[in-house]
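Inspection log for the structure reproduced underneath, given as structure tokens.
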């Protein structure tokens, strides 16, 4: 069996996969409530393994948090970069891809997690923010290309991206949805249409095919319900 090096020993592929599965369990809790109030004993309960097994994979709570940050950094690094060439239909699919990425990042890397990380580990916090900023710079390049191609309106892109970040995090907040008896699918569909109207020139609104984003929202809502409900 192939092996991978971790720490001072060679971890098997099974061990690497097991560690990754445990991290994903804890990432779900981190995205819901952060981690500042959680102890190592709490995290062991989340893992659903013995104390001995937990310490086989993680030396401390700090080790777990750092590993979850690495999980997020790997995810961001693997995100597709918007394609700037191709026909109009393909170019608009990149807009929908960025919408998908915005939803996933907002759900996964929650405000609660970021706030706790900023207080607990400034280095990991800065690394994660740098990765998020780089992803946003790729989005800005895409938007500017859309303006040059006569497809998009001109905006202060940093402001538009800030609006997106704040709005999406607010709209998917489960307390907000419950308090106002809102349907998440309807909320996200309305927000996508708002973004589309805000960004695209009027003559392009009948050109874009919205079918892909319906599938994006359907998948997101299923994942959201699995995580938060």
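What follows draws every value from the coordinates through simple rules; no lab data is involved. Just so it is clear, the structure is predicted and the values come from calculations on it, not from any experiment. Every residue, glycine as well, gets a Cβ built from its backbone with ideal geometry; the counts of neighbours run over all protein chains shown.
Of all residues in the stretch 142-164, at least one satisfies being under 23 Å from residue 33 (Cα atoms), in contact with a helix residue (DSSP H, G or I) (Cβ under 7 Å, 6 or more places away or on another chain) and surrounded by 13 or more Cβ atoms within 10 Å (Cβ to Cβ).
The residue list 124, 80 contains one member that is in a loop (DSSP other than H, G, I, E, B) and in contact (Cβ under 8 Å) with a residue 12 or more places away in the chain, which is 80.
For the subset of the stretch 163-206 comprising residues that are outside any helix (DSSP H, G or I) and in contact with a strand residue (DSSP E or B) (Cβ under 8 Å, 6 or more places away or on another chain), which member is farthest from residue 110 (Cα to Cα)?
As a first pass, look at the stretch 163-206 and keep what is outside any helix (DSSP H, G or I): 172-173, 180-183, 200-201, 205-206.
Subsequent filtering for residues that are in contact with a strand residue (DSSP E or B) (Cβ under 8 Å, 6 or more places away or on another chain) retains 200-201.
On the way: 200: 29, 201: 32 Å.
By that ranking, first place goes to 201.
Could you please find all residues in the stretch 84-105 being touching a residue at least 40 places away in the same chain (Cβ under 8 Å) and within 12 Å of residue 72 (Cα to Cα)? Even if it seems obvious, please write down each step before you answer.
Let us first name the residues in the stretch 84-105 that are touching a residue at least 40 places away in the same chain (Cβ under 8 Å), namely 84, 88-89, 91-96, 98-100, 102-104.
Answer for the stretch 84-105, where residues must be touching a residue at least 40 places away in the same chain (Cβ under 8 Å) and within 12 Å of residue 72 (Cα to Cα): just 104.
The set of residues in the stretch 96-135 being more than 16 Å from the chain's Cα centre (by Cα) and buried (at least 20 other Cβ atoms within 10 Å of the Cβ) consists of 116 alone.
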